[in-house]
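**Student:** Quick one: the structure is below, and I'll ask about it shortly.
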Amino acid sequence: MGTKESSVPASQEHAASQVSAEAQFARWADEHLQVLHRVAYRLLGNPHDAEDVVQETFRSAWVSRHLFDASRSERAWLLAILRRRVADSWRRRQDRELPLGDGTLDIAAERSPAPWDDELSSQVQRALGRLTVEVRETLLLVVVGELTHQEAADLLRVPLGTVLSRVSRGRSRLRQYLIESGDLDDAADTERRRA
């Protein structure tokens with residue numbers, strides 16, 4: 001007896017596989033776009049840069065979709081890609097700065113705040129900027145990116161205890177910075193006025 005051949009031509013199987021991959025990718029974009037944008041915005045501090053990085057993240061994810069490991073969460077995989085794209089953005093930003101005397105000249109045009117930036121968002125962004133990169137990134141992956149502590153530890157390639165410590169330290173320092181600047185009281189007043 002010979003082997004049974006598929007009644008579906010290979011070209012149709014490939015087309016069906018492509019449609020399935022596109023549908024899965026569209027679902028990922030729908031489910032994770034907002035979280036990726038929030039994390040990128042908090043890491044970069046600029047909504048336009050965040051949009052660019054998220055777009056680069058999805059482009060990279062599409063190109064490397066065959067490398068996705070189904071044993072990991074989709075969000076963790078996308079945030080790992082986002083993290084690399086943010087690092088690339090930071091490097092490009094540093095390359096655009098030219099030393100000039102005692103200060104630096106940033107060639108990038110000054111951007112006005114986006115109309116959707118609210119007062120609380122700006123206050124939190126300033127406070128986040130005072131955290132170390134490691135603490136800020138870990139805090140954002142867990143709090144904004146909604147990763148579990150273990151997923152963040154795996155992504156950052158650090159022990160779970162390090163993630164727990166960074167998140168705790170980040171929350172405490174963030175609260176302290178907001179209280180010191182008076183922004184926490186201002187934010188509470190703003191929230192009460194909105195309610």
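The values are calculated or read from the model by the stated rules, or taken from the named source; none is laboratory data. Keep in mind it's a predicted model, so treat the numbers as computed, not measured. Cβ atoms come from the backbone with ideal geometry, glycine included; neighbour counts cover every protein chain shown.
**Student:** Condition check: part of a helix (DSSP H, G or I), at pLDDT 85 or above and surrounded by 20 or more Cβ atoms within 10 Å (Cβ to Cβ). Does ARG83 satisfy that?
**Tutor:** yes
**Student:** Regarding ALA153, is this residue modelled with pLDDT under 85, surrounded by 12 or more Cβ atoms within 10 Å (Cβ to Cβ) and assigned to a helix (DSSP H, G or I)?
**Tutor:** Here the answer is no, as ALA153 does not meet what is asked.
**Student:** If SER71 meets every condition in (1) modelled with pLDDT of 85 or more; (2) over 19 Å from the mean Cα position of the chain (by Cα); (3) of a type in the set (Gly, Ala, Ser) apart from one, which number is that one?
**Tutor:** (1)
**Student:** Among the listed residues ARG166, ARG93, which satisfies the condition of being more than 15 Å from the chain's Cα centre (by Cα), surrounded by 14 or more Cβ atoms within 10 Å (Cβ to Cβ) and either at positive phi or modelled with pLDDT under 85 (or both)?
**Tutor:** Of the residues listed, the single one that is more than 15 Å from the chain's Cα centre (by Cα), surrounded by 14 or more Cβ atoms within 10 Å (Cβ to Cβ) and either at positive phi or modelled with pLDDT under 85 (or both) is ARG93.
**Student:** Do we find that GLY161 is of a type in the set (Gly, Ala, Ser), farther than 27 Å from ASP69 by Cβ, at pLDDT 85 or above and assigned to a helix (DSSP H, G or I) in this structure?
**Tutor:** Criteria not met by GLY161.
**Student:** Which of the residues belonging to the range 8-49 are outside any helix (DSSP H, G or I) and modelled with pLDDT of 55 or more?
**Tutor:** PRO9, GLY45, ASN46
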